[in-house]
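Starting off with a structure, shown below.
Read-outs: derived from the displayed coordinates by stated rules, not from any lab. Given the structure is predicted, the values throughout are model-derived calculations rather than measurements. All Cβ positions, even for glycine, are placed from backbone atoms using ideal geometry, and neighbour counts span all protein chains on display.
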Amino acid sequence: MTTPALLPLSGRRIPPLNLGPPSFPHHRATLRLSEKFILLLILSAFITLCFGAFFFLPDSSKHKRFDLGLEDVLIPHVDASKGAKNPGVFLIHGPDEHRHREEEERLRNKIRADHEKALEEAKEKLKKSREEIRAEIQTEKNKVVQEMKTKEKKPLPPVPIPNLIGINGGDPEDNDIRKKREKIKEMMKHAWDNYRIYGWGHNELRPIARKGHSTNIFGSSQMGATIVDALDTLYIMGLHGEFRDGQKWIEDTLDFSVNSEVSVFEVNIRFIGGLLAAYYLSGEEIFKIKAVQLAEKLLPAFNTPTGIPWAMVNLKSGVGRNWGWASAGSSILAEFGTLHMEFVHLSYLTGDPVYYKKVMHIRKLLQKMDRPNGLYPNYLNPRTGRWGQYHTSVGGLGDSFYEYLLKAWLMSDKTDHEARKMYDDAIEAIEKHLIKKSRGGLTFIGEWKNGHLEKKMGHLACFAGGMFALGADGSRMDKAGHYLELGAEIARTCHESYDRTALKLGPESFKFDGAVEAVAVRQAEKYYILRPEVIETYWYLWRFTHDPRYRQWGWEAALAIEKYCRVSGGFSGVKDVYSSTPTHDDVQQSFFLAETLKYLYLLFSSDDLLPLDHWVFNTEAHPLPVLHLANTTLSGNPAVR
Ligand code: DMJ
């Protein structure tokens with residue numbers, strides 16, 4: 001049997017152009033010879049064609065065709081009848097034929113010389129090795145990328161920068177509190193350093209496998225979600241070296257022109273929110289520019305019959321679609337309803353109303369719709385503009401929509417009364433239909449499903465304690481005391497959900513059924529994935545009441561995270577908070593650095609760090625300044641920060 005290695009090369013007149021993996025020992029030689037041969041063939045065909053095209057033109061000195069580019073050597077005389085149909089064709093009727101012939105000869109010589117030069121250059125190229133040609137192509141590519149980057153860095157038009165207060169400091173006077181704050185900073189360093197070593201550029205980290213990690217919310221992209229999400233936490237903690245590292249990666253590597261289908265909501269709250277906060281804190285233009293570039297990529301998601309955006313969009317093609325699991329092709333309330341803060345800032349910073357219009361359109365549409373029992377269902381079909389399943393929740397699928405109504409009002413320096421009214425109406429309905437007290441006296445927020453209340457509360461819904469406290473001031477009929485109290489009750493319930501576990505960390509969701517109170521029943525609800533909501537609520541309650549119990553509860557949670565979630569390669573979620581020997585899920589979520597550790601740090605800082613009358617935190621804990629329009633400076637100079 002003849003082996004392929006022994007097949008004679010000369011057996012064929014034209015060796016095959018082999019672009020596949022090597023199969024013969026003489027493959028490299030075969031490849032180079034055939035490539036050169038074909039390149040030469042194409043080149044000579046091209047040259048023949050060019051010469052042919054020139055010499056076979058109809059040789060009439062009275063009617064010649066010239067490109068417009070050559071018109072300076074002609075004496076144009078436009079034949080009105082033809083010229084109108086064939087713009088760019090000039091007809092010559094020359095009395096001085098001799099002068100034309102000379103001109104023609106000069107042109108022929110020039111073209112001949114150009115072609116010879118091109119042929120020489122092509123021959124030279126073919127003499128070069130494949131590596132040399134590759135290197136030349138790479139140099140060209142680098143040049144183009146460099147040019148694009150210079151273009152990208154072009155500053156946006158300057159706008160009034162809000163007066164930024166409390167971006168540094170926050171040193172507590174109490175020694176014990178200062179030590180606790182230092183400990184939280186050390187935890188942040190541990191999370192960041194390990195991501196830096198093992199997951200840099202990936203969206204998240206697998207702290208046990210010690211490698212990068214991602215989920216479908218980021219599509220197939222590697223957009224360094226942890227870097228962008230962590231920046232402002234690094235900044236307020238004074239970790240400036242780490243902050244600069246992240247900034248450099250964003251400048252050099254972060255690219256949104258990727259063929260990747262991402263979640264519009266997640267990318268908005270983590271990336272746009274994170275970049276905007278980093279911009280306001282540091283004054284570095286690059287963050288603003290990147291935020292705007294990304295926002296432009298999200299805009300095609302709004303191209304639906306109703307203007308309610310798709311849940312996902314492909315950053316390259318702009319094609320959008322919804323999650324397959326969502327009721328009847330619906331978009332999700334907590335997703336399309338959690339864009340307002342970032343989009344208002346984008347319009348403010350760019351002077352382009354497009355972003356503002358998109359979110360105001362959503363608001364207007366929601367205002368016009370009927371709401372069963374005054375409640376907003378979680379699902380809305382972006383094609384028909386009709387609600388999907390009647391399911392209302394202050395936890396997953398609904399949560400941050402309510403949060404953003406309140407925060408739109410706060411961020412507008414309390415001038416967006418429409419948003420405040422929508423918030424007040426919504427929480428009145430929620431209080432009436434969803435908030436109950438358990439037999440044991442715990443206030444909880446249930447979920448409304450097709451006409452009945454499910455007595456189950458998610459970890460996500462625990463954020464509402466902070467929201468009620470934040471919205472207390474300015475509430476209807478001066479019910480400030482009532483809402484502050486409601487916030488405190490939710491905080492207590494959520495603390496119980498932590499306290500009733502073996503690890504002192506809260507489950508994903510917990511029930512209030514018969515004897516069971518604030519405890520997860522199903523195995524699939526017993527996990528803790530480093531979520532922030534309970535600590536977020538402790539922090540707001542601390543700021544509004546200064547009741548030491550919130551610092552104490554926050555510290556309990558910090559110790560539990562340190563004890564059960566810390567591993568040598570970072571921090572990991574746990575699969576069962578009721579088991580005293582935790583199994584790790586091996587994911588360090590980006591929101592752990594953006595939110596959980598930031599809220600803990602703020603809890604042990606003094607109130608002058610990011611004061612709440614100047615800053616509003618987006619739902620990913622990225623602080624954005626209140627737009628006190630009367631109190632702005634017209635300079636874009638960071639010195640005024
Ligand atoms: C965060 O990404 C945001 O807080 C979001 O609003 C809901 N959940 C996660 C953290 O749990």
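Using Cα centres only, tell me the gap between segment 413-454 and segment 554-580 in whole Å.
31
Restricting attention to segment 492-572, which GluC sites (Glu not before Pro) occupy a DSSP loop and are surrounded by at most 16 other Cβ atoms within 10 Å? Numbers along the way, then the final one.
Numbers: sites: Glu496, Glu508, Glu517, Glu525, Glu533, Glu536, Glu556, Glu562; in loops: Glu508.
Answer by residue number: there is no such site.
I'd like to know which of Ala326, Val354, Ala311 lies farthest towards the positive end of the charge dipole of segment 273-374, counting +1 on Cβ of Lys and Arg and -1 on Cβ of Asp and Glu.
Selected residue: Ala326.
State the answer as a single residue: which of Gly506, Leu593, Thr581 lies farthest towards the positive end of the charge dipole of segment 505-615, with beta carbon charges of +1 for Lys and Arg and -1 for Asp and Glu, about the Cα centre.
After comparing all options, I get Thr581.
Another question about this same structure. Report relative contact order for segment 313-415 in percent, whole number only (criteria: Cα-Cα under 8 Å, sequence separation at least 6). Provide the component values of the computation, followed by the final result.
Values: 115 pairs, mean separation 32.5, N = 103.
Relative contact order for segment 313-415 comes out at 32 percent.
Same structure again: May I ask you to derive the FRET efficiency for Leu107 and Arg383 from their Cβ-Cβ distance with R0 = 56 Å, giving the value to the nearest 0.05? Before the final figure, lay out the partial values.
Working: r = 60 Å, r/R0 = 1.08.
Efficiency, from the Cβ-Cβ distance: 0.40.
Quick check: pseudo-label points 7 Å beyond the Cα along Cα→Cβ at Asn303 and Trp200, how many nm apart are they?
3.8
How much length is gained on full extension from Asp193 to Gln367, taking 0.36 nm per residue of separation minus their Cα-Cα distance?
Numbers: separation 174, 0.36 × 174 = 62.64 nm, distance 4.63 nm.
Fully extending the segment from Asp193 to Gln367 adds 58.0 nm.
Dipole size in debye (nearest 20) for segment 189-301 around its Cα centre, Lys and Arg Cβ +1, Asp and Glu Cβ -1? All intermediate terms of the calculation are to be shown ahead of the outcome.
Details: 11 positive and 14 negative charges, 62 e Å.
The dipole magnitude comes to about 300 debye.
Modelled label-to-label distance, Glu428 and Asn216, 7 Å Cα→beta-carbon offset: nm?
For Glu428 paired with Asn216, the spin-label model returns 4.0 nm.
Between Trp323 and Ala209, 0.36 nm times their residue separation minus their Cα-Cα distance comes to what?
Working: separation 114, 0.36 × 114 = 41.04 nm, distance 2.94 nm.
Result for the pair: 38.1 nm of gain on full extension.
A further question on this structure: How would you rank Trp553, Trp325, going from fewest to most other Cβ atoms within 10 Å of each one's own Cβ?
Values: Trp553 24, Trp325 5.
Going from least to most buried by this count: Trp325, Trp553.
Give the order of Cys462, Cys565 when sorted by the count of other beta carbons within 10 angstrom, beginning with the fewest.
Values: Cys462 31, Cys565 25.
Ranking Cys462, Cys565 by Cβ neighbours within 10 Å, fewest first, gives Cys565, Cys462.
For labels at Lys421 and Ile165 in the simple 7 Å Cα→Cβ model, what's the distance in nm?
3.0
Still on this structure, please answer the following. Cα-Cα over 21 Å: which of Lys189/Lys598; Lys358/Lys479; Lys211/Lys316; Lys180/Lys504; Lys183/Lys598; Lys288/Lys421? Present the calculation step by step, with values, prior to reporting the outcome.
Working: Lys189/Lys598 12 Å; Lys358/Lys479 33 Å; Lys211/Lys316 27 Å; Lys180/Lys504 18 Å; Lys183/Lys598 12 Å; Lys288/Lys421 31 Å.
With Cα atoms farther than 21 Å apart: Lys358/Lys479; Lys211/Lys316; Lys288/Lys421.
Suppose R0 equals 56 Å. What FRET efficiency, 1/(1 + (r/R0)^6) with r the Cβ-Cβ distance, do Lys563 and Lys316 give to the nearest 0.05? Working shown, then result.
Working: r = 44 Å, r/R0 = 0.79.
Once the sixth-power term is evaluated, E becomes 0.80.
Could I ask something else about it? Explain nothing, just compute: Karplus ³J(HN,Hα) = 6.51 cos²θ - 1.76 cosθ + 1.60, θ = phi - 60°, for every residue of segment 213-220 in order, whole Hz, x for Gly and Pro.
8, 8, 9, 5, 5, 9, x, 9
Let me ask something else about it. What is the fewest-to-most order of Lys421, Lys432 by other Cβ atoms lying within 10 Å of their Cβ? Please list the in-between numbers first.
Details: Lys421 14, Lys432 11.
Going from least to most buried by this count: Lys432, Lys421.
Further, regarding this structure: With charges set only on the Cβ (+1 for Lys and Arg, -1 for Asp and Glu), what does the dipole of segment 383-475 come to about its Cα centre, in debye to the nearest 20?
Numbers: 13 positive and 12 negative charges, 100 e Å.
Result for segment 383-475 is approximately 480 debye, rounded to the nearest 20.
Peptides 279-292, 207-220: what's the order by average Cβ count within 10 Å, highest mean first? Write out the running numbers ahead of the final one.
Values: 279-292: 21.3, 207-220: 17.2.
Answer by packing, highest mean first, reads 279-292, 207-220.
For segment 486-641, what is the relative contact order in percent, using Cα pairs closer than 8 Å and at least 6 residues apart in sequence?
So the answer I get is 20 percent.
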